[in-house]
Amino acid sequence: MLSDISGALANKVERNNYVPSIIKLKVNEEALAKSHRKEIAGIFNTGKINLIGIYGEDEILVKIDGQSDIQAIRKKLENADNAFPSFTTIVGLSAITNAEEFKPQIDVEPDNETILKVKLFNYGNSDLNAILIKLFEGFCAEKSIQCERASYSAELNIYRLTEVTPDAFDELKDFDGVQLVTEMPAYDITLDELTEDNTIAIKKPKAGQTYPIVGVLDTGIANIPHLAPWLHNKSFTKYHEDDTNKGHGTFVAGVLIYGDELEGMNYTGFDGCKLFEAIVMPDIRRQKIYEDELIEHIREAISKNDEIKIWNLSLGTRNEADLYEFSDFAKALDEVQEQHDVLICKSAGNCENFKMAAPKSRISKSADTVRGLVVGSLTHDKNGTDISEKYHPSPFSRMGPGPSYLIKPDVVHMGGNAGLDHRNNPVYNTVKSFAPDGSIANNVGTSFSTPRVSAIAAGLDSMLNEKFNPLLLKALIVHSARYPQEMQMSIAEKLNGAGFGLPSNINDILFNQPNEITLILQDTLEKGNFIDILDFPFPQSMIDEDGYFYGEVTVTLVTAPILEVSQGAEYCQSNIDVMFGSYDDKVERDTTKPTINPIGADGRQNVLATAVYSKKAAQDTSTPFATERMLVSYGDKYQPVKKWSVNFDDFTNANKEKYLKAPKNWYLKLEGLFRHFTETKCDMQKIIPSQEFCLIVTIKDTKKKGNIYNEVTQLLNNFSFIHSNVKIKEEVRIRLNG
């Protein structure tokens, strides 16, 4: 293999072609572990990073960009034949089951009208990338191919190609540096509205009140009487009025402003917002829109309106997300959110498999965004023809997990129900909004559950007297989410169908009951550091008459992980482990070892671990607390959102005696993890990798014996914690209990 690569490189140099060659290594299951990856890297990295990507489930891509690489790698491989081979070489080689030259993935058989999407490698080196781009654009010009760089992400080298002849396509498939050739995805939406004669009172903004702004990335918003008072004085469009159909965007905007009133429910508690109309999609009956165009429009709308921080994106694709590779669309959305400090609420996508009695499709491409808040649909009702029970995932709502077992959707909200009549024709049990002519319209879809969550996010941000904080908003929404009592399914089914559940309304999110307290911890965790709080303020009053701690604890963690577009299933490059629980005594520790806390704790037990709870409790779906319970073992999966909700009554008797019998102290520990690629890259760049996080902990006194808020506040003072209340704007209404 190396001899072939060496000859190919020599031939390239003779043609003034310095594009690296790519080897694809197939590795065994153990090699997917971080330790084995390090040993493989030890063979192929030669003073620079040559392991440039993860491909599929079990393949690693290696770049070879010169004869010096060949010689260095060959020398390491020859070491394996010595009498005393290095440990790195032995372990690295044992992990590799096959090696071959990489061939680009070709997913299209084009004709003259086909628009191609071509992805070039990112070698992790700006000079090599520039060489590849120059050669590729020169190739396109020579073959009379219309070639345009697409603005997905700074790290993705993606091109739109048109006018590709069959001969040129054959040469394109063999062009060095091409990773993927496929048809450029086109996007469409359907909106078969049913209208009715009912009327609803027009709401108007209150004089002197400041309202949040929500950007609606959609087909446009009709200037109808119900929405006109709420339209922002600025807008964004890429299309002439004649080329738009504002039906979908109007329905989305109507749910944002009137969602609660139209359904007669206090789903969100939202007072309203200014609607920023961002027309990023045309009337698809008149013209097509392709993925690269849609991404460019979204990026431009957000970048030109930096003051808008909450964006609703109820557009997507019918294409199912991959099991391992995150979509280019999702990577683009993640970069936009990071660059412009915004939160995009994104629909999970719809499928029509229920019409054929087939299993649901997984979430659509673009709904695999890591930084976005992805929303599925829940049923608000059930009639005679509906498939799903009330307060269950809708029959058309796509399900998780996302790539690399990512929990998606994050949450769900009301988007309708569906079923079949006696002739197997689809029948829809709809939610309400407005048609472009101002009449009340009816429809179903995750497109219309998503704006309810956008409303909650905007309402929270408006009420908090804090700098915009997408991690905090996302954490508050996920933390508040519950599974309706009617949803009696296993936790795995709940996570796949409904994410972390149905969020509470704005007031219920912000205000605790007297028998509970919520603590929020926000920080940045660097590699090598950890947070270990040994004086966690757990209420000492929450001990029952038999001397055992009791109560419910909910913990939610939302991180902003390091993302690497080249790393396939390992797109999320950082993770945080959370441990919360009891211990017996503090002890002094040996501080001569690195990263050791001078004070340790004897008898620690993480109460978020599934092992301490009874199997019966884990399987229970019928008791009231089953709707709260989140006995989830995240294992070694790099999940950017994690949640646990536990009740100490569910402990086994033996574990209750060992870990809940007073007296006990309480601790909270957070420890960061970083993948080998990021550690190596940061070492070479002389920087320390880090990740932001927001952790929320709610402690609930289920016996309602005392005022937990006052007690925990006093403990915070006793333990000398620097703390403050979350600031709420003064105009917020006072909540009266009872």
Considering only Cα-Cα distances, which of the following residue pairs are longer than 21 Å: Lys206/Lys467; Lys63/Lys173; Lys390/Lys474; Lys103/Lys681?
Lys206/Lys467; Lys390/Lys474; Lys103/Lys681
Separation between the Ile533 and Glu493 pseudo-spin-labels, each 7 Å from Cα along Cα→Cβ, expressed in nm?
3.7 nm
Among the aspartates and glutamates, select those whose C-alpha is under 17 Å from the C-alpha of Lys204, and discard any that sit fewer than 8 residues away in the same chain.
Asp260, Glu261, Asp271
Length gain on complete extension for the stretch Thr610 to Arg482, per 0.36 nm per residue less the alpha carbon to alpha carbon distance?
44.2 nm
All aspartates and glutamates inside 19 Å of Lys238 as judged from Cα atoms, apart from same-chain residues fewer than 8 positions distant:
Glu148, Asp188, Asp218, Glu277, Asp283, Glu291, Asp292, Glu293, Glu296, Glu300, Asp306
Going down the list Lys661/Lys703; Lys643/Lys669; Lys26/Lys365; Lys365/Lys408, which pairs span over 19 Å between their C-alpha atoms?
Lys26/Lys365
Gain in length, Asp602 to Asp546, computed as 0.36 nm per residue apart minus the alpha-carbon separation, to one decimal in nm?
17.8 nm
Could you work out the helix-only [θ] at 222 nm for the chain, with each DSSP H run of four or more residues adding -39,500 (n - 2.57) and the total divided by the number of residues, to the nearest 500 deg cm²/dmol?
-7500 deg cm²/dmol
Under a plain spin-label model, where a point goes 7 Å from the Cα along Cα-to-Cβ, how far apart in nm are Ala357 and Ala99?
5.3 nm
Computed FRET efficiency, Cβ-Cβ of Asn710 and Val587, R0 35 Å: what is it to the nearest 0.05?
0.65
Output needed: Cys residues of the chain lacking any neighbouring Cys C-beta below 4.7 Å, sorted by number.
Cys273, Cys345, Cys351, Cys572, Cys682, Cys694
Quick note, the chain: a/c under 1.5 would make it rounded; otherwise a/b > b/c is prolate and the rest oblate (a ≥ b ≥ c, C-alpha gyration tensor); here it is oblate
Testing the spin-label approximation: label points 7 Å from Cα along Cα→Cβ at Glu155 and Met265. State their distance in nm.
3.8 nm
Arranged from highest to lowest average of other beta-carbon atoms within 10 Å per residue, in what order do the peptides 354-360, 366-372, 162-168, 404-410 appear?
366-372, 404-410, 162-168, 354-360
Net charge near Asp381, counting Lys/Arg +1 and Asp/Glu -1 over other residues with Cβ under 13 Å of its Cβ?
-1
Which of Cys572, Cys147 is most accessible, then next, and so on - probe 1.4 Å
Cys147, Cys572
Assign one of three labels to region 121-265, namely rounded, prolate or oblate, based on the Cα gyration tensor with a ≥ b ≥ c the square roots of its eigenvalues; rounded applies when a/c is under 1.5, prolate when it is not and a/b is larger than b/c, and oblate otherwise.
prolate
Could you tell me the calculated FRET efficiency between His422 and Glu148, based on Cβ-Cβ distance and R0 = 56 angstrom, to the nearest 0.05?
0.60
I'd like to compare 59-67, 492-500, 531-539, 623-631: which one has the highest average count of other Cβ atoms within 10 Å, and what's the full order after that?
492-500, 59-67, 531-539, 623-631
Expected output is a single nm value to one decimal: the length gained when fully extending between Asp111 and Phe721, i.e. 0.36 nm times separation in residues minus the C-alpha distance. What is it?
212.9 nm
3J(HN,Hα) from dihedral phi, region 311-318, Karplus parametrisation 6.51/-1.76/1.60, rounded to Hz, x for glycine, proline:
10, 9, 10, 9, 10, x, 9, 7
With a ≥ b ≥ c taken as the square roots of the eigenvalues of the C-alpha gyration tensor of region 422-575, please select rounded if a/c is under 1.5 and otherwise prolate if a/b is larger than b/c or oblate if it is not?
prolate
Below 13 Å, Cα to Cα, which aspartates and glutamates can Lys355 reach? Residues fewer than 8 away in the same chain don't count.
Asp386, Asp421
Of the listed links Lys382/Lys700; Lys527/Lys616; Lys616/Lys664; Lys494/Lys527, those spanning more than 31 angstrom between alpha carbons are Lys382/Lys700; Lys527/Lys616; Lys494/Lys527
Where does each of Lys658, Lys365, Lys643, Lys134 land when they are ordered by accessible area, with a 1.4 Å probe and the largest first?
Lys134, Lys658, Lys365, Lys643
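The values are calculated or read from the model by the stated rules, or taken from the named source; none is laboratory data. Not measured: the values here are computed from a predicted model. Every residue, glycine as well, gets a Cβ built from its backbone with ideal geometry; the counts of neighbours run over all protein chains shown. For the accessible areas, the whole protein counts, side chains as well, though only heavy atoms, and no ligand, DNA or RNA atoms are used. Shrake-Rupley method; radii C 1.70, N 1.55, O 1.52, S 1.80 Å.
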